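Some notes on the structure that comes next.
Derivation of every value follows stated rules applied to the coordinates shown; laboratory data play no part. As the structure is a prediction and not an experimental result, all values here were calculated from the model. Positions of Cβ are generated from backbone atoms using ideal geometry, with glycine treated the same way; all protein chains shown enter the neighbour counts.
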């Protein structure tokens, strides 16, 4: 593995934590410190994998390793990168993780519905 990949991923994750969106911050305030269902979540967490014989990584907005669930919060930019998002979901699923996506507006305007969906996924083990 390129020894720089983990360090690059870690630095990017730190930068993303400093620049989180309102929706990311709102959700994180509920998920942090095992406040939600007693589950441990990591935010802006690097997921390193092999793809086309090279080490690559994604930064998950939030991740619960215990249930192998990645949470993505999509803003307007995702309207223009559907193919990339589909590939990302395919790879993350291939690594054994489930993925759930919410729009910024869903978190900001109706976080209760998003939390209900997370509760359903995490308690039924639908990964």
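Observations
- Packing-based ranking of 97-109, 33-45, 9-21, 63-75 yields 63-75, 97-109, 33-45, 9-21, ordered from highest to lowest mean Cβ neighbour count within 10 Å.
- The long axis of helix 22-31 is offset from the longest Cα principal axis of the chain by roughly 80 degrees.
- Crossing angle, helix 82-94 versus the chain [Cα axis fit, 0-90 degrees, rounded to tens]: 90
- Anisotropy class of region 4-124 from Cα gyration tensor, a/c 1.5 cut: rounded
- Note: relative contact order over the chain, using C-alpha pairs below 8 Å and six or more positions apart, is 22 percent.
- Taking every DSSP helix (H) stretch of at least 4 residues in the chain, weighting each as -39,500 (n - 2.57) and dividing the sum by the residue count yields a mean residue ellipticity at 222 nm of -14000 deg cm²/dmol.
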